[in-house]
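Colleague: Got a structure for you, questions after.
The values are calculated or read from the model by the stated rules, or taken from the named source; none is laboratory data. None of these values were measured; they are calculated from a predicted model. Neighbour counts are summed over all protein chains in view; Cβ atoms, including those assigned to glycine, are modelled from backbone coordinates with ideal geometry. Just so you know, the surface numbers come from the protein's heavy atoms only, side chains and all, with ligands and any DNA or RNA stripped out. Shrake-Rupley method; radii C 1.70, N 1.55, O 1.52, S 1.80 Å.
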Amino acid sequence: MSSAAAPVFRIRPERGWVALRLREVWEYRELLYFLVWRDVKVRYKQTVLGAAWALLQPLATMLVFTLFFGRLARVPSDGIPYPLFSFTALVPWMFFANALGQSSNSLVGSANLLRKVYFPRLVIPVAAALGGLVDLAVSSTVLAGMLLVYRVELTARVAWVAPLVALALVVSLGAGLWLSALSVQYRDVRYVAPFLTQFWMFATPVVYSSSRLGEPWRTVYGLNPMAGVVEGFRWALLGTGVAPGPMVAVSVAAALVLLATGAYYFRRMEKTFADLV
Amino acid sequence: MSEIAIRTEGLGKLYTLGRSRANKYRTLGETLSEAAGWLRRRNGSHARETIWAIQDVSFEIGRGEVVGVIGRNGAGKTTLLKILSRITEPSAGEAEIRGRVGSLLEVGTGFHPDLTGRENVYLNGAILGMKRVEIERRFDQIVAFAEVEKFLDTAVKHYSSGMYLRLAFAVAAHLDPEILLVDEVLAVGDAVFQKKCLGKMGEVAGEGRTVLFVSHNMTAVRGLCGRVIRMEGGHITADSTDVDAVVSEYLTAGMEACACREWPDVETAPGNDRIRIRRARLEPATITVSTPFQIEVEYWIRKPGTRVGLSLFVHNQEGVCIFNSTTAREPCWHGKPHPEGLFRSVCRVPGNLLNAGSYTVFVKFYQGGAKGVLYQHTDLLLFEVQDIVEDRGEWFGRWPGAVRPDLRWTTAAVTEWN
């Protein structure tokens with residue numbers, strides 16, 4: 001009899017703003033791990049090219065961008081060869097776009113789990129977003145190859161890549177929490193999310209550079225947190241112009257606000273998920 | 001009741017109709033137009049239709065109690081389990097649960113068809129709240145229980161439905177919670193599978209764990225549970241340790257109307273100008289597989305001199321005719337001209353003949369001289385034969401077979417080695 005140590009759960013209607021209960025999410029970290037593992041394992045099953053898709057998507061996009069924006073429109077690229085210029089931005093961008101897409105659809109896609117089993121619901125969109133890291137690893141190897149081919153000399157700034165990836169993850173998760181919680185009630189999200197991602201890309205310096213913006217506008221641009229990520233990537237890997245420090249700082253702040261509000265909205269809506277999904 | 005494992009007080013769950021049921025999700029457009037409507041008629045009656053799936057549910061369950069929850073579909077049993085397993089939040093009241101909860105509303109939740117059996121065991125275990133080390137420790141037991149050793153590395157989409165279910169149940173069966181909440185998960189699969197599941201349930205119940213068991217399998221409830229809670233329309237209508245009494249009452253509720261039918265007015269009674277049925281009934285009204293009973297039919301003969309024979313058919317739920325019996329060897333009236341008046345024919349059915357289940361009675365009145373059918377009435381009676389728990393050992397599932405004779409056995413040694 002372990003009754004002394006038995007946990008006591010109180011089940012009652014929750015009202016108003018609720019606690020995030022992150023500790024409980026931590027207790028369910030193994031489930032998180034298994035869900036990420038499942039997503040990764042299943043993603044390219046029964047596809048002919050398998051994980052090569054993780055390479056082909058950014059590569060093909062880079063080729064199209066190079067042709068249209070680089071050659072035809074002659075978009076200035078800070079003196080960097082356009083393929084390298086766009087690919088360096090596409091790697092974090094594609095990671096972000098995939099993670100956002102996966103996490104915003106994750107709740108509706110897991111309807112059966114929501115209706116039949118209890119666990120902290122936050123686990124689902126978080127697992128969906130984390131799954132994108134594997135694709136990121138694959139596309140990063142191509143980026144590394146391109147850096148070699150173009151004989152780019154790396155500096156200690158490379159170390160900034162990891163925190164920038166974390167920043168991209170925070171942004172995708174923040175937006176993903178909002179969209180996934182909304183999608184339980186409003187299926188419109190399924191159609192809105194791809195649009196939103198597309199607009200967001202053109203609002204982010206992926207095909208062009210933000211270096212022509214003067215201060216303070218460049219820093220203000222950081223309010224789009226993905227702008228900070230993309231410019232940070234270019235600066236860390238390609239050594240372009242001025243350090244985007246203030247811009248990235250603004251992006252970090254914006255990303256944290258997005259994540260915190262997303263998490264609270266998610267938790268607030270969580271109690272309705274099983275009934276509505 | 002030494003220590004309380006589950007306590008609920010005034011638990012209620014309110015659903016909004018039209019949104020939570022038929023049209024569960026809504027589009028942004030609907031919300032916008034609703035908002036516009038709300039602005040227009042601020043004080044208008046904007047009440048959506050709501051329904052209490054359960055209301056004012058209070059009970060206490062002691063540690064180690066095995067409690068069955070019974071009731072018809074829509075009585076609120078599943079909603080109650082969903083609240084207790086924290087899947088959905090109550091709208092009123094509160095519940096307190098002491099101990100690690102394992103809930104099983106469905107077997108195989110989260111199984112992914114593209115993953116192998118081995119992978120799904122880990123995934124499903126994690127979803128049900130098992131730790132990785134626990135799954136590893138029990139992995140061999142799970143696989144042995146499911147009998148899928150050879151197919152562990154095959155994607156489960158290639159499994160037969162039986163293998164799939166066995167594996168899914170095996171994972172769930174090896175959960176190790178202090179409190180187990182089980183919904184009607186044992187209703188699936190074939191007899192062998194059900195036998196296995198119920199055996200395991202019996203084992204779990206015997207280990208001193210607290211179990212809340214929702215089921216339509218009354219035999220299982222009788223065999224496994226020491227207490228039963230009956231729900232009707234979202235309320236608890238019975239809560240007793242006299243399981244047999246509550247179960248019998250539940251089974252016969254609404255059933256008596258069909259086990260005895262009467263038409264007091266001869267002009268409107270079913271029949272024609274030669275014969276009309278006055279009454280049909282089962283005596284006694286509630287029976288088990290072992291009780292002898294009789295089927296009585298009373299009828300008016302309206303035309304003197306009619307030669308009447310009765311033919312009675314009993315069909316089971318599957319529509320299979322279990323037997324047909326006629327008055328052919330009835331000594332007094334069969335085939336003889338009847339005077340005008342009221343007659344009663346009684347057919348005596350021995351015990352240990354019908355299997356548990358529900359049956360319908362079909363009656364044919366025919367002319368003694370093989371001139372054909374005078375009148376026939378389908379579904380004249382509907383009755384239920386209840387199962388008995390005695391002599392079943394560990395097995396609470398459906399007893400196979402259309403009939404359930406109590407047969408004698410003998411075993412003798414023919415030759416003995418050594």
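Colleague: Taking only the Cα atoms of the protein assembly as shown, how large is their convex hull per residue, in Å³? Provide the component values of the computation, followed by the final result.
Modeller: Details: hull volume 193.5 nm³, N = 695.
Convex hull of Cα atoms, per residue: 278 Å³.
Colleague: I would also like to ask the following. Please list B:377-387, A:228-238, B:349-359 highest first by mean number of surrounding beta-carbon atoms within 10 Å per residue. Walk me through the numbers before you get to the answer.
Modeller: Values: B:377-387: 18.6, A:228-238: 25.9, B:349-359: 16.6.
Order by mean packing, descending: A:228-238, B:377-387, B:349-359.
Colleague: If you count, for every residue in B:75-88, the Cβ atoms of partner chains within 10 Å of its Cβ, what is the mean? Don't jump to the answer; show the numbers that get you there.
Modeller: Details: counts 0, 0, 0, 0, 1, 0, 0, 5, 1, 3, 5, 7, 10, 9.
Average per residue, whole number: 3.
Colleague: Quick check: from the Cα gyration tensor, does chain B come out rounded (a/c under 1.5), prolate or oblate? Display every interim value, and only then the final one.
Modeller: Details: a/c = 2.29, a/b = 1.45, b/c = 1.58.
Oblate shape, in that a/c is at least 1.5 and b/c is the bigger or equal ratio.
Colleague: May I pose another question? Take the alpha carbon atoms of segment B:113-231, find their radius of gyration, then divide it by 2.2 N^0.38 Å using N residues; give the quotient.
Modeller: Numbers: Rg = 14.7 Å, N = 119, 2.2 N^0.38 = 13.5 Å.
Compactness ratio reported: 1.08.
Colleague: A further question on this structure: Any chance you could check segment A:96-122 for residues losing 30 Å² or more of accessible area when the partner protein chains are in, compared with the chain on its own (1.4 Å probe)?
Modeller: Residues losing area: A:Asn112, A:Leu113, A:Arg115, A:Lys116, A:Val117, A:Tyr118.
Colleague: Treating the angle as unsigned and between 0 and 90°, give the value, to the nearest 10°, between the Cα long axis of helix B:243-252 and the longest Cα principal axis of chain B.
Modeller: The angle comes out at about 60 degrees.
Colleague: Given a Förster radius of 30 Å and the C-beta distance between A:Ala51 and A:Ala19 as r, what FRET efficiency does 1/(1 + (r/R0)^6) yield to the nearest 0.05?
Modeller: Values: r = 39 Å, r/R0 = 1.31.
That gives a FRET efficiency of 0.15.
Colleague: With contacts defined as alpha carbon pairs under 8 Å and 6 or more residues apart, what's the relative contact order of chain A in percent? List each step's numbers first, then the result.
Modeller: Working: 350 pairs, mean separation 71.9, N = 277.
Worked out over chain A, it gives 26 percent.
Colleague: Once the Cα atoms of helix B:28-40 and of chain B are each reduced to a long axis, what angle between those two axes, in degrees from 0 to 90 to the nearest 10, is obtained?
Modeller: With rounding to tens, the tilt is 90 degrees.
Colleague: Under 5 Å between amide hydrogens, which residues at least 5 positions from B:Ile54 or on another chain qualify, with H placed 1.01 Å from N in the peptide plane?
Modeller: B:Lys13
Colleague: Give me a comma-separated list of calculated 3J(HN,Hα) values for segment B:163-179, in order, Karplus coefficients 6.51, -1.76, 1.60 applied at θ = phi - 60°, integers in Hz, x for any Gly or Pro.
Modeller: Per-residue couplings from phi come out as 4, 4, 5, 4, 5, 4, 5, 4, 4, 4, 5, 9, 5, 10, x, 7, 10 Hz.
Colleague: May I ask what percent, to the nearest 5, of DSSP beta bridges between residues of the protein assembly as shown are antiparallel?
Modeller: Working: 71 of 90 bridges.
DSSP beta bridges in the protein assembly as shown are roughly 80 percent antiparallel.
Colleague: So, one more: Give the carbon-plus-sulfur fraction of the accessible surface of chain B in %, rounded to a whole number; probe 1.4 Å, heavy atoms of protein chains only. Walk me through the numbers on the way to the answer.
Modeller: Details: 10200 of 20110 Å².
Accessible surface attributable to carbon and sulfur in chain B totals 51 percent.
Colleague: Would you mind giving the mean number of other chain beta-carbons within 10 Å of the Cβ of each residue in A:20-32, as a whole number?
Modeller: Working: counts 0, 0, 0, 0, 0, 0, 0, 2, 3, 0, 10, 10, 1.
The shielding value for this peptide is 2.
Colleague: Taking the DSSP beta bridges in chain B as the whole, what percent of them are antiparallel, to the nearest 5? Kindly include the intermediate steps, with their values, before the conclusion.
Modeller: Working: 67 of 85 bridges.
Roughly 80 percent of the beta bridges in chain B run antiparallel, per DSSP.
Colleague: Helix B:132-146 against the longest principal axis of chain B: what's the angle in degrees, Cα atoms only, rounded to the nearest 10?
Modeller: Once rounded, one gets 30 degrees.
Colleague: OK, next. Leaving out same-chain residues fewer than 8 places away, which lysines sit with a Cα under 19 Å from that of B:Lys303?
Modeller: Counting by Cα, and skipping residues close in sequence, B:Lys303 has these lysines nearby: B:Lys336, B:Lys364, B:Lys371.
Colleague: Same structure again: Between segment B:283-320 and segment A:119-137, what is the C-alpha centre distance in whole Å?
Modeller: 65
Colleague: Let me check I've understood the local charge: for B:Ile6, count other residues with C-beta under 15 angstrom from its C-beta, Lys and Arg +1, Asp and Glu -1. What total comes out? Numbers along the way, then the final one.
Modeller: Details: positive: A:Arg10, A:Arg12, B:Arg7, B:Arg63, B:Lys77, B:Lys82, B:Arg86, B:Arg98, B:Arg100, B:Arg209, B:Arg227; negative: B:Glu3, B:Glu9, B:Glu60, B:Glu65, B:Glu94, B:Glu96, B:Glu178, B:Asp239.
Result for the neighbourhood of B:Ile6: +3.
Colleague: Place the peptides A:251-263, B:76-88, A:93-105, B:214-226 in order of packing, highest mean first, counting for every residue the other Cβ atoms within 10 Å and averaging per peptide.
Modeller: For the peptides A:251-263, B:76-88, A:93-105, B:214-226, the packing ranking is A:93-105, B:76-88, B:214-226, A:251-263.
Colleague: Could you tell me which of rounded, prolate or oblate describes segment B:53-102, using a ≥ b ≥ c as the square roots of the eigenvalues of the alpha-carbon gyration tensor, with rounded for a/c under 1.5 and, failing that, prolate when a/b is larger than b/c and oblate otherwise? Before the final figure, lay out the partial values.
Modeller: Numbers: a/c = 1.63, a/b = 1.21, b/c = 1.34.
Oblate is the answer for segment B:53-102, as a/c is 1.5 or above yet b/c matches or exceeds a/b.
Colleague: Computed on protein heavy atoms with a 1.4 Å probe, what is the summed buried accessible area for the chain pair A and B, in Å² to the nearest 100?
Modeller: Working: alone 15160 and 22270 Å², together 33030 Å².
Looking at A and B, the buried total is near 4400 Å².
Colleague: Can I ask one more? With bins 10 Å wide starting at 0, give me the P(r) of segment B:276-418 over every alpha carbon pair, in whole percents.
Modeller: 10, 36, 26, 15, 8, 4, 1, 0
Colleague: If contacts are Cα pairs under 8 angstrom and at least 6 residues apart, what is the relative contact order of segment A:119-277 in percent? List each step's numbers first, then the result.
Modeller: On the way: 151 pairs, mean separation 51.9, N = 159.
Over segment A:119-277, the number comes to 33 percent.
Colleague: Under the definition of Cα pairs under 8 Å and six or more residues apart, what whole-number percent is the relative contact order of chain B? Walk me through the numbers on the way to the answer.
Modeller: Numbers: 814 pairs, mean separation 59.3, N = 418.
Relative contact order comes out at 14 percent.
Colleague: Then there's this: Could you work out how far the C-alpha centroid of segment A:247-273 sits from that of segment A:35-104, in angstrom?
Modeller: Between the Cα centres of segment A:247-273 and segment A:35-104 lies a distance of 25 Å.
Colleague: Return the subset of B:Lys13/B:Lys157; A:Lys41/B:Lys150; A:Lys41/B:Lys200; A:Lys45/B:Lys131; B:Lys157/B:Lys196 for which the Cα-Cα distance in this structure is over 25 Å, preserving the input order.
Modeller: Details: B:Lys13/B:Lys157 37 Å; A:Lys41/B:Lys150 22 Å; A:Lys41/B:Lys200 33 Å; A:Lys45/B:Lys131 27 Å; B:Lys157/B:Lys196 23 Å.
Going by Cα-Cα distance, B:Lys13/B:Lys157; A:Lys41/B:Lys200; A:Lys45/B:Lys131 fall outside the 25 Å limit.
Colleague: So which aspartates and glutamates pass the test for A:Lys271, namely a Cα distance under 12 Å, with those fewer than 8 places away in the same chain ruled out?
Modeller: Partners found: A:Glu14, B:Glu89.
Colleague: For segment A:61-139, what is the accessible area per residue in Å² when the probe is 1.4 Å?
Modeller: Result: 33 Å² per residue.
Colleague: Determine ³J(HN,Hα), in whole Hz, for all residues of segment B:287-294 in sequence, where each value follows from phi through the Karplus function 6.51 cos²θ - 1.76 cosθ + 1.60 and θ = phi - 60°; x replaces Gly and Pro.
Modeller: Going residue by residue, I get 9, 10, 4, 9, 7, x, 8, 9 Hz, with x marking Gly and Pro.
Colleague: Using the Karplus curve 6.51 cos²θ - 1.76 cosθ + 1.60 with θ = phi - 60°, what ³J(HN,Hα) values do you get for each residue of segment A:95-108, in whole Hz, with x for Gly and Pro?
Modeller: 4, 4, 5, 5, 4, 5, x, 5, 6, 6, 8, 5, 5, 5
Colleague: Here's something else I'd like to know. What does the average come to when, for each residue of peptide B:110-118, you count the partner chain Cβ atoms lying within 10 Å of its Cβ?
Modeller: Details: counts 9, 1, 5, 2, 6, 5, 1, 0, 0.
For this peptide, the per-residue mean of nearby foreign Cβ atoms is 3.
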